[in-house]
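Working notes for the structure below.
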Protein chains: 2
Amino acid sequence: MAKQLKAKESESSNLMLDKQVCFSLYSASNAMSRAYRPLLKELDLTYLQYIVMMVLWEHSTMNVKELGIKIHLDSGTLTPLLKRLEAKELVTRTRSQEDERVMIIHITADGVALKQKAEAIPNSMMCKSKMALEELIALKQGCDRLLANLSE
Amino acid sequence: MAKQLKAKESESSNLMLDKQVCFSLYSASNAMSRAYRPLLKELDLTYLQYIVMMVLWEHSTMNVKELGIKIHLDSGTLTPLLKRLEAKELVTRTRSQEDERVMIIHITADGVALKQKAEAIPNSMMCKSKMALEELIALKQGCDRLLANLSE
DNA sequence: AACAACTAAATTGTGCACAATTTATTTAAG
DNA sequence: CTTAAATAAATTGTGCACAATTTAGTTGTT
(Lines give C-alpha, C1' and ligand atoms only; values in the text may rest on other atoms or scores of the structure.)
Protein backbone atom coordinates (compact mmCIF):
# COMPACT_ATOMS: atom_id res chain seq x y z
CA MET A 1 0.00 0.00 0.00
CA ALA A 2 2.79 2.40 0.95
CA LYS A 3 4.71 1.06 -2.03
CA GLN A 4 1.74 1.64 -4.31
CA LEU A 5 1.40 5.20 -3.07
CA LYS A 6 5.09 5.85 -3.63
CA ALA A 7 4.82 4.49 -7.17
CA LYS A 8 1.86 6.72 -7.84
CA GLU A 9 3.74 9.74 -6.49
CA SER A 10 6.67 9.02 -8.77
CA GLU A 11 4.41 8.70 -11.81
CA SER A 12 2.79 12.04 -11.11
CA SER A 13 6.02 13.92 -10.31
CA ASN A 14 6.14 17.54 -11.31
CA LEU A 15 9.30 16.76 -13.22
CA MET A 16 7.73 14.59 -15.91
CA LEU A 17 8.66 15.89 -19.33
CA ASP A 18 5.39 14.90 -20.92
CA LYS A 19 3.46 17.18 -18.60
CA GLN A 20 5.51 20.31 -19.21
CA VAL A 21 3.84 23.13 -21.13
CA CYS A 22 7.21 24.79 -21.60
CA PHE A 23 8.72 21.80 -23.33
CA SER A 24 5.76 21.65 -25.74
CA LEU A 25 6.18 25.34 -26.42
CA TYR A 26 9.91 24.94 -26.97
CA SER A 27 9.49 21.94 -29.29
CA ALA A 28 6.69 23.57 -31.27
CA SER A 29 8.77 26.71 -31.71
CA ASN A 30 11.74 24.70 -33.01
CA ALA A 31 9.48 22.70 -35.33
CA MET A 32 7.91 25.89 -36.62
CA SER A 33 11.21 27.52 -37.52
CA ARG A 34 12.32 24.21 -39.11
CA ALA A 35 9.14 24.25 -41.22
CA TYR A 36 9.87 27.81 -42.38
CA ARG A 37 13.38 26.89 -43.52
CA PRO A 38 12.59 25.42 -46.97
CA LEU A 39 10.17 28.29 -47.72
CA LEU A 40 12.64 30.95 -46.64
CA LYS A 41 15.50 29.32 -48.52
CA GLU A 42 13.91 30.76 -51.68
CA LEU A 43 14.40 34.23 -50.20
CA ASP A 44 17.83 33.42 -48.72
CA LEU A 45 16.57 34.45 -45.27
CA THR A 46 16.60 32.81 -41.86
CA TYR A 47 13.45 32.94 -39.75
CA LEU A 48 14.67 35.84 -37.64
CA GLN A 49 15.84 37.73 -40.72
CA TYR A 50 12.36 37.23 -42.15
CA ILE A 51 10.84 38.66 -38.95
CA VAL A 52 13.05 41.74 -39.22
CA MET A 53 12.18 42.19 -42.89
CA MET A 54 8.50 41.92 -42.00
CA VAL A 55 8.88 44.81 -39.57
CA LEU A 56 10.66 46.83 -42.24
CA TRP A 57 7.98 46.04 -44.83
CA GLU A 58 5.59 47.80 -42.45
CA HIS A 59 7.92 50.58 -41.29
CA SER A 60 10.65 51.24 -43.82
CA THR A 61 12.85 53.08 -41.29
CA MET A 62 13.53 52.07 -37.75
CA ASN A 63 16.40 52.22 -35.28
CA VAL A 64 17.91 49.23 -33.48
CA LYS A 65 16.24 50.07 -30.18
CA GLU A 66 12.74 50.33 -31.67
CA LEU A 67 13.28 47.13 -33.62
CA GLY A 68 14.46 45.38 -30.48
CA ILE A 69 11.37 46.42 -28.54
CA LYS A 70 9.11 45.30 -31.36
CA ILE A 71 10.60 41.81 -31.64
CA HIS A 72 11.77 41.39 -28.03
CA LEU A 73 15.49 41.11 -28.79
CA ASP A 74 18.56 43.21 -27.96
CA SER A 75 21.49 44.64 -29.90
CA GLY A 76 23.57 41.58 -29.08
CA THR A 77 21.33 39.57 -31.38
CA LEU A 78 20.32 42.33 -33.78
CA THR A 79 23.65 43.98 -34.61
CA PRO A 80 25.22 40.96 -36.32
CA LEU A 81 21.91 40.05 -37.98
CA LEU A 82 21.50 43.57 -39.39
CA LYS A 83 25.06 43.48 -40.67
CA ARG A 84 24.19 40.30 -42.56
CA LEU A 85 21.07 41.93 -44.04
CA GLU A 86 23.24 44.90 -44.99
CA ALA A 87 25.71 42.55 -46.71
CA LYS A 88 22.78 41.15 -48.71
CA GLU A 89 21.86 44.76 -49.56
CA LEU A 90 18.35 44.43 -48.11
CA VAL A 91 18.91 47.25 -45.58
CA THR A 92 21.20 50.21 -44.97
CA ARG A 93 22.70 51.09 -41.58
CA THR A 94 23.43 54.76 -40.92
CA ARG A 95 24.03 56.72 -37.73
CA SER A 96 21.44 59.34 -36.86
CA GLN A 97 22.60 62.93 -37.40
CA GLU A 98 20.69 64.24 -34.36
CA ASP A 99 22.00 61.53 -32.05
CA GLU A 100 25.15 59.72 -33.10
CA ARG A 101 24.40 56.85 -30.70
CA VAL A 102 21.36 55.80 -32.71
CA MET A 103 21.76 53.40 -35.63
CA ILE A 104 19.06 53.83 -38.24
CA ILE A 105 17.99 50.86 -40.32
CA HIS A 106 16.39 51.61 -43.66
CA ILE A 107 15.02 49.09 -46.12
CA THR A 108 16.51 49.18 -49.64
CA ALA A 109 14.71 48.78 -52.98
CA ASP A 110 15.88 45.14 -53.04
CA GLY A 111 14.45 44.71 -49.57
CA VAL A 112 11.08 46.14 -50.63
CA ALA A 113 11.11 43.97 -53.76
CA LEU A 114 11.62 40.85 -51.66
CA LYS A 115 8.20 41.35 -50.05
CA GLN A 116 6.51 40.07 -53.17
CA LYS A 117 8.34 36.75 -52.97
CA ALA A 118 7.24 36.44 -49.36
CA GLU A 119 3.52 36.96 -49.92
CA ALA A 120 2.76 33.25 -50.23
CA ILE A 121 4.61 32.19 -47.09
CA PRO A 122 1.98 32.81 -44.39
CA ASN A 123 -0.54 30.75 -46.29
CA SER A 124 1.96 27.94 -46.91
CA MET A 125 2.66 27.80 -43.19
CA MET A 126 -1.06 27.75 -42.35
CA CYS A 127 -1.41 24.73 -44.64
CA LYS A 128 1.56 22.99 -43.03
CA SER A 129 0.03 23.54 -39.59
CA LYS A 130 -3.12 21.69 -40.68
CA MET A 131 -4.97 23.62 -38.01
CA ALA A 132 -8.19 25.61 -38.19
CA LEU A 133 -8.01 29.39 -38.02
CA GLU A 134 -9.78 29.49 -34.63
CA GLU A 135 -7.31 26.99 -33.22
CA LEU A 136 -4.39 29.05 -34.44
CA ILE A 137 -5.90 32.22 -33.00
CA ALA A 138 -6.40 30.50 -29.64
CA LEU A 139 -2.78 29.32 -29.72
CA LYS A 140 -1.60 32.83 -30.54
CA GLN A 141 -3.60 34.32 -27.68
CA GLY A 142 -2.19 31.78 -25.23
CA CYS A 143 1.36 32.60 -26.35
CA ASP A 144 0.71 36.35 -26.19
CA ARG A 145 -0.68 36.08 -22.68
CA LEU A 146 2.27 33.99 -21.50
CA LEU A 147 4.76 36.39 -23.09
CA ALA A 148 3.07 39.41 -21.50
CA ASN A 149 2.98 37.79 -18.05
CA LEU A 150 6.58 36.63 -18.19
CA SER A 151 7.77 40.06 -19.36
CA GLU A 152 6.24 42.05 -16.50
CA MET B 1 -11.98 55.25 -52.88
CA ALA B 2 -9.31 53.24 -54.72
CA LYS B 3 -6.78 54.80 -52.37
CA GLN B 4 -8.86 53.81 -49.38
CA LEU B 5 -9.05 50.26 -50.62
CA LYS B 6 -5.32 50.10 -51.16
CA ALA B 7 -4.71 51.38 -47.64
CA LYS B 8 -7.06 48.77 -46.24
CA GLU B 9 -5.30 46.04 -48.21
CA SER B 10 -1.97 47.11 -46.86
CA GLU B 11 -3.30 47.10 -43.30
CA SER B 12 -4.61 43.58 -43.64
CA SER B 13 -1.56 42.15 -45.45
CA ASN B 14 -0.64 38.60 -44.63
CA LEU B 15 2.81 39.86 -43.78
CA MET B 16 1.86 41.85 -40.68
CA LEU B 17 3.98 40.76 -37.75
CA ASP B 18 1.22 41.32 -35.20
CA LYS B 19 -0.98 38.76 -36.87
CA GLN B 20 1.57 35.95 -36.98
CA VAL B 21 0.98 32.96 -34.72
CA CYS B 22 4.53 31.80 -35.34
CA PHE B 23 6.05 35.00 -34.10
CA SER B 24 3.99 34.79 -30.89
CA LEU B 25 5.12 31.21 -30.44
CA TYR B 26 8.74 32.14 -31.07
CA SER B 27 8.64 35.11 -28.67
CA ALA B 28 6.84 33.15 -25.96
CA SER B 29 9.37 30.33 -26.25
CA ASN B 30 12.29 32.77 -25.89
CA ALA B 31 10.59 34.49 -22.94
CA MET B 32 9.97 31.13 -21.32
CA SER B 33 13.58 30.02 -21.50
CA ARG B 34 14.65 33.48 -20.26
CA ALA B 35 12.31 33.03 -17.27
CA TYR B 36 13.85 29.64 -16.47
CA ARG B 37 17.37 31.06 -16.44
CA PRO B 38 17.50 32.48 -12.88
CA LEU B 39 15.85 29.33 -11.50
CA LEU B 40 18.22 27.02 -13.35
CA LYS B 41 21.25 29.06 -12.39
CA GLU B 42 20.95 27.49 -8.93
CA LEU B 43 21.45 24.08 -10.58
CA ASP B 44 24.09 25.32 -13.02
CA LEU B 45 21.98 24.07 -15.94
CA THR B 46 20.73 25.61 -19.17
CA TYR B 47 17.13 25.00 -20.18
CA LEU B 48 18.05 22.25 -22.65
CA GLN B 49 20.36 20.61 -20.13
CA TYR B 50 17.45 20.65 -17.67
CA ILE B 51 15.24 18.95 -20.27
CA VAL B 52 17.82 16.22 -20.79
CA MET B 53 18.20 15.73 -17.03
CA MET B 54 14.43 15.48 -16.73
CA VAL B 55 14.43 12.60 -19.22
CA LEU B 56 17.23 10.91 -17.27
CA TRP B 57 15.40 11.37 -13.97
CA GLU B 58 12.65 9.25 -15.52
CA HIS B 59 14.88 6.79 -17.42
CA SER B 60 18.32 6.56 -15.87
CA THR B 61 19.86 5.01 -19.00
CA MET B 62 19.26 6.02 -22.57
CA ASN B 63 21.23 6.21 -25.80
CA VAL B 64 21.66 9.35 -27.89
CA LYS B 65 19.19 8.23 -30.54
CA GLU B 66 16.39 7.50 -28.05
CA LEU B 67 17.06 10.79 -26.29
CA GLY B 68 16.95 12.62 -29.60
CA ILE B 69 13.59 11.13 -30.52
CA LYS B 70 12.19 11.97 -27.10
CA ILE B 71 13.20 15.63 -27.22
CA HIS B 72 13.11 16.15 -31.01
CA LEU B 73 16.81 16.96 -31.43
CA ASP B 74 19.73 15.29 -33.23
CA SER B 75 23.29 14.33 -32.32
CA GLY B 76 24.56 17.64 -33.67
CA THR B 77 22.89 19.36 -30.74
CA LEU B 78 23.06 16.54 -28.21
CA THR B 79 26.68 15.38 -28.49
CA PRO B 80 28.28 18.63 -27.28
CA LEU B 81 25.55 19.11 -24.65
CA LEU B 82 26.08 15.59 -23.28
CA LYS B 83 29.82 16.20 -23.15
CA ARG B 84 29.14 19.27 -21.01
CA LEU B 85 26.89 17.25 -18.69
CA GLU B 86 29.64 14.63 -18.51
CA ALA B 87 32.16 17.34 -17.59
CA LYS B 88 29.82 18.36 -14.75
CA GLU B 89 29.73 14.66 -13.72
CA LEU B 90 25.95 14.48 -14.03
CA VAL B 91 26.07 11.72 -16.67
CA THR B 92 28.47 9.08 -18.01
CA ARG B 93 28.95 8.34 -21.72
CA THR B 94 29.95 4.81 -22.67
CA ARG B 95 29.78 2.87 -25.93
CA SER B 96 27.43 -0.10 -26.01
CA GLN B 97 29.20 -3.48 -25.93
CA GLU B 98 26.65 -5.10 -28.26
CA ASP B 99 26.77 -2.28 -30.81
CA GLU B 100 29.80 -0.04 -30.76
CA ARG B 101 27.97 2.65 -32.73
CA VAL B 102 25.60 3.32 -29.85
CA MET B 103 26.55 5.81 -27.14
CA ILE B 104 24.86 5.06 -23.85
CA ILE B 105 24.09 7.90 -21.46
CA HIS B 106 23.71 7.00 -17.81
CA ILE B 107 22.83 9.36 -14.99
CA THR B 108 25.33 9.56 -12.10
CA ALA B 109 24.61 9.77 -8.36
CA ASP B 110 25.22 13.54 -8.58
CA GLY B 111 22.73 13.67 -11.43
CA VAL B 112 20.11 11.83 -9.42
CA ALA B 113 20.79 14.05 -6.40
CA LEU B 114 20.19 17.17 -8.49
CA LYS B 115 16.55 16.15 -8.96
CA GLN B 116 15.73 17.24 -5.44
CA LYS B 117 16.94 20.79 -6.13
CA ALA B 118 14.74 20.87 -9.23
CA GLU B 119 11.47 19.85 -7.55
CA ALA B 120 10.34 23.43 -6.94
CA ILE B 121 10.97 24.68 -10.48
CA PRO B 122 7.75 23.63 -12.25
CA ASN B 123 5.67 25.36 -9.61
CA SER B 124 7.82 28.51 -9.73
CA MET B 125 7.31 28.65 -13.48
CA MET B 126 3.56 28.16 -13.15
CA CYS B 127 3.50 31.14 -10.79
CA LYS B 128 5.56 33.26 -13.17
CA SER B 129 3.13 32.42 -15.98
CA LYS B 130 0.23 33.84 -13.94
CA MET B 131 -2.06 31.61 -15.96
CA ALA B 132 -4.75 29.19 -14.84
CA LEU B 133 -4.10 25.48 -15.15
CA GLU B 134 -6.78 25.06 -17.82
CA GLU B 135 -5.26 27.85 -19.87
CA LEU B 136 -1.83 26.24 -19.68
CA ILE B 137 -3.27 22.86 -20.63
CA ALA B 138 -5.01 24.41 -23.63
CA LEU B 139 -1.75 26.10 -24.65
CA LYS B 140 0.13 22.80 -24.31
CA GLN B 141 -2.45 20.99 -26.44
CA GLY B 142 -2.22 23.63 -29.16
CA CYS B 143 1.57 23.34 -29.21
CA ASP B 144 1.44 19.54 -29.25
CA ARG B 145 -0.98 19.54 -32.15
CA LEU B 146 1.13 21.99 -34.13
CA LEU B 147 4.29 20.00 -33.44
CA ALA B 148 2.63 16.75 -34.51
CA ASN B 149 1.26 18.25 -37.71
CA LEU B 150 4.54 19.91 -38.67
CA SER B 151 6.49 16.70 -38.00
CA GLU B 152 4.46 14.47 -40.28
C1' DA C 1 32.92 74.35 -18.26
C1' DA C 2 33.32 69.84 -15.99
C1' DC C 3 31.80 65.74 -14.78
C1' DA C 4 28.51 62.27 -13.24
C1' DA C 5 24.58 59.65 -14.80
C1' DC C 6 22.45 57.85 -18.49
C1' DT C 7 21.62 55.84 -23.03
C1' DA C 8 22.35 53.23 -27.70
C1' DA C 9 25.05 50.04 -30.03
C1' DA C 10 28.65 47.07 -30.38
C1' DT C 11 31.56 43.47 -28.64
C1' DT C 12 32.77 39.15 -26.26
C1' DG C 13 31.95 34.62 -24.89
C1' DT C 14 28.85 30.53 -24.12
C1' DG C 15 25.48 27.39 -25.60
C1' DC C 16 22.14 25.97 -28.41
C1' DA C 17 19.77 24.31 -33.29
C1' DC C 18 20.46 22.41 -37.46
C1' DA C 19 22.09 21.24 -42.26
C1' DA C 20 25.64 18.75 -44.25
C1' DT C 21 29.38 15.83 -44.03
C1' DT C 22 32.41 12.32 -41.99
C1' DT C 23 33.72 8.25 -39.26
C1' DA C 24 32.95 3.93 -37.46
C1' DT C 25 30.26 -0.03 -37.08
C1' DT C 26 26.60 -3.31 -38.31
C1' DT C 27 23.53 -5.68 -41.47
C1' DA C 28 22.13 -7.48 -45.79
C1' DA C 29 22.70 -9.27 -50.47
C1' DG C 30 25.06 -11.40 -54.01
C1' DC D 1 33.10 -14.09 -47.68
C1' DT D 2 32.89 -9.70 -49.37
C1' DT D 3 31.13 -5.57 -50.53
C1' DA D 4 27.17 -2.37 -50.70
C1' DA D 5 23.61 -0.24 -47.92
C1' DA D 6 22.23 1.30 -43.67
C1' DT D 7 22.79 3.13 -39.11
C1' DA D 8 24.59 5.87 -34.86
C1' DA D 9 27.42 9.47 -33.42
C1' DA D 10 30.52 12.92 -34.12
C1' DT D 11 32.21 16.85 -36.59
C1' DT D 12 32.02 21.25 -39.12
C1' DG D 13 30.19 25.57 -40.05
C1' DT D 14 26.48 29.18 -39.75
C1' DG D 15 23.30 31.86 -37.23
C1' DC D 16 20.83 32.85 -33.50
C1' DA D 17 19.88 34.30 -28.07
C1' DC D 18 21.53 36.37 -24.31
C1' DA D 19 24.39 37.86 -20.22
C1' DA D 20 27.97 40.88 -19.34
C1' DT D 21 31.01 44.28 -20.63
C1' DT D 22 32.78 48.07 -23.46
C1' DT D 23 32.61 52.15 -26.39
C1' DA D 24 30.83 56.30 -27.73
C1' DG D 25 27.79 59.87 -27.40
C1' DT D 26 24.10 62.70 -24.79
C1' DT D 27 21.94 65.02 -20.92
C1' DG D 28 21.64 67.00 -16.40
C1' DT D 29 23.87 69.25 -12.36
C1' DT D 30 26.46 72.25 -10.16
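For this structure, a couple of remarks:
- Placing a label point 7 Å from Cα along the Cα-to-Cβ axis, A:R93 is separated from the same position in the other copies by 3.5 nm, shortest listed first.
- Taking 20 °C and 1.002 mPa s as conditions, the protein assembly as shown diffuses translationally at an estimated 99 µm²/s according to Stokes-Einstein applied to its Kirkwood radius (Cα pairs).
- Shortest-first nm distances, A:L133 label point to equivalent points in other copies (7 Å, Cα→Cβ): 3.5
- Rolling a 1.4 Å probe over the protein chains gives B:D144 an accessible area of about 50 Å².
- Using heavy atoms of the protein chains and a probe of 1.4 Å, the accessible area assigned to A:S33 is about 30 Å².
- If the chain linking B:T61 and B:N149 were pulled fully straight, counting 0.36 nm for each residue of separation and taking away their Cα-Cα distance, it would gain 28.7 nm.
- Estimated FRET transfer efficiency when R0 is 30 angstrom, pair B:I69-B:C127 (beta carbons, to 0.05): 0.40
- Options A:Y36, A:S151, A:H106, ranked by Cα towards positive dipole end of chain A, top entry (Cβ charges): A:Y36
- Cα gyration tensor shape for the range A:39-119, rounded if a/c is under 1.5, else prolate or oblate: prolate
- Residue with peak Gaussian network fluctuation, chain A [Cα springs, cutoff 10 Å], from A:M62, A:M126, A:M53: A:M126
- Nearest-ten-degree value, helix B:21-41 long axis tilted from longest Cα axis of chain B: 40
- Per-copy distances of the A:L81 label point, shortest first, in nm (7 angstrom along Cα→Cβ): 2.1
- Over the range B:31-126, relative contact order from alpha-carbon pairs under 8 Å, at least 6 apart, %: 27
- Volume per residue of the C-alpha convex hull in chain B, rounded to whole Å³: 169
- Extension gain (nm, one decimal) between B:A109 and B:I137, 0.36 nm per residue minus Cα-Cα: 6.8 nm
- In Å², nearest 10: area of A:R34 left accessible to a 1.4 Å probe: 110
- Cα-based shape type of the range A:89-138, given that a ≥ b ≥ c are square roots of the gyration tensor eigenvalues and the cut on a/c is 1.5: oblate
- Tilt relative to chain A, helix A:2-11 - C-alpha long axis, 0 to 90 degrees, to 10: 10
- For the range A:90-152, the relative contact order comes to 21 percent (Cα pairs under 8 Å, sequence separation of at least 6).
- One residue of chain A places its C-beta nearer than any other to the axis carrying A onto B; that residue and its whole-Å distance are A:S29, 2.
- Among B:L78, B:L40, B:L136, the residue with the largest mean-square fluctuation in a Gaussian network model of chain B, with springs joining Cα atoms closer than 10 Å, is B:L136.
The values are calculated or read from the model by the stated rules, or taken from the named source; none is laboratory data. None of these values were measured; they are calculated from a predicted model. In this analysis, Cβ positions are derived from the backbone assuming ideal geometry, glycine residues included, and neighbour counts consider all displayed protein chains. The accessibility values were calculated without ligands, DNA or RNA, using every heavy atom of the protein model including side chains. Shrake-Rupley method; radii C 1.70, N 1.55, O 1.52, S 1.80 Å.
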